Amino acid sequence: MKKFKPFGSRIIVKINVLKTTKSGIYIPETAQKGTMDTLTGEVVIVGENTTQVKVGDNVAYGRYSGGIAEFLKEEKEDTEYRIMNEDEILGILI
């Protein structure tokens with residue numbers, strides 16, 4: 001992941017996309033049954049004004065929260081990142 005410092009209360013979340021079919025095809029979390037409205041990920045970068053989440057927290061967020069941060073991906077990196085405001089987080093997974 002490239003270095004990036006978000007302003008204000010924005011955070012960067014690494015999207016959890018680990019499910020595969022028997023033949024090895026990845027199924028995005030948005031296409032998996034039962035996860036249509038709420039997704040999960042790990043907070044990897046926080047802005048200076050964040051108060052409720054910290055780096056390393058596993059969080060739940062809405063399907064349409066934030067936006068995909070393609071600019072953070074390194075070449076040949078399969079990980080996806082989302083940039084969003086802290087108030088778009090639904091909660092921290094404990």
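Values in this text are rule-based calculations from the coordinates and carry no lab data. Computed from a prediction, not measured in an experiment: that's the story for all the values here. Note: ideal-geometry Cβ built from the backbone for every residue, glycine included; neighbour counts use all protein chains shown.
Structure data summary
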quantity	calculated
Local net charge near Gln52, Cβ-Cβ under 10 Å (Lys/Arg +1, Asp/Glu -1)	-2
Net +/- balance of residues flanking Ala69 in space, Cβ distance below 11 Å, scoring K and R +1, D and E -1	+3
Where the Cα pairs of segment 49-93 fall when distances are cut into 5 Å bins, in %	5, 19, 28, 23, 16, 8, 2
